[in-house]
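Below is one structure, written out as structure tokens, with a few remarks after it.
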């Protein structure tokens with residue numbers, strides 16, 4: 001395999017298997033470290049995500065953060081476009097968005113300064129392998145072009161990979177939080 005697309009597909013496939021196994025363990029308090037990190041940014045506009053399939057669940061940490069400031073979730077407007085973020089409340093009305101992720105029933109868009117980012121795999125240098133649509137890479141590039149934006153990858157430890165097939169357009173993470181640790185990177 002020499003084609004980067006094929007290499008990324010193989011890396012994703014292996015990571016999905018590891019993530020599924022970690023998800024099946026139903027780890028209690030998996031969002032504890034994420035809550036700990038976000039507590040240091042009370043009131044700063046942030047965006048999390050509505051977990052789909054076997055993604056680690058950030059909702060407990062997002063609910064805590066929503067008591068102190070705006071919290072949003074991503075809304076996909078179209079292929080090749082950056083994400084928009086609509087204000088979310090723990091008990092707010094939701095509708096199904098693209099790819100099965102739930103989004104707020106009424107759009108109330110804002111720009112977050114902190115993004116809790118889902119992923120398929122990560123490395124210990126802040127690299128992230130996503131689903132392949134480039135939504136978070138485009139979004140982080142746009143937001144970072146305006147001001148500092150903190151990107152926190154949230155994943156199971158099992159999603160760590162040694163050699164991710166990354167490209168120059170892949171936006172690095174500033175931090176990775178798992179069920180057992182917090183990794184920070186200086187850029």
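Values quoted throughout were computed directly from the atomic coordinates according to the rules given, and no laboratory measurement underlies them. Since we're looking at a predicted model, the values are computed, not measured. Note that each Cβ is placed from the backbone with ideal geometry, even for glycine, and that neighbours are counted across all protein chains shown.
The GNM of the chain, with springs linking C-alpha atoms under 10 angstrom apart, assigns the highest mean-square fluctuation among 54, 124, 169 to 169.
In this simple spin-label model, placing a label point 7 Å from the Cα along the Cα-to-Cβ direction at both residue 124 and residue 138 gives a separation of 3.4 nm. Summarising the strand pairing of the chain, around 55 percent of its internal DSSP beta bridges are antiparallel.
Against the chain, whose longest principal axis is taken from its Cα atoms, helix 4-24 shows a tilt of about 60°. Quick check on the chain: helices-only [θ] at 222 nm, where DSSP H runs of length 4 and up contribute -39,500 (n - 2.57) each and the sum goes over total residues. Nearest 500, please. Result for the chain: -8000 deg cm²/dmol, rounded to the nearest 500. Residues of the range 50-90 with an amide N closer than 16 Å to a point placed 7 Å from the Cα of residue 167 along the Cα-to-Cβ direction: 79-82. Multiplying the residue separation of residue 41 and residue 6 by 0.36 nm and removing their Cα-Cα distance gives an extension gain of 8.7 nm. Among 22, 155, 47, which one moves the most in a GNM of the chain with springs linking Cα atoms closer than 10 Å? The residue that fluctuates most here is 22. Between 0 and 90 degrees, rounded to the nearest ten: what's the tilt of helix 135-146 against the longest Cα principal axis of the chain? Approximately 60 degrees, to the nearest 10. Largest mean-square fluctuation among 110, 156, 85, in a Gaussian network model of the chain whose springs join Cα atoms under 10 Å apart, belongs to 110. Note on residue 146 and residue 186: the model spin-label points, each 7 Å out from Cα along the C-beta direction, lie 2.9 nm apart.
Taking the Cα centroid of the range 43-89 and of the range 103-125, what is the distance between the two, rounded to the nearest whole Å? With the range 43-89 and the range 103-125 each reduced to a Cα centre, they are spaced 5 Å.
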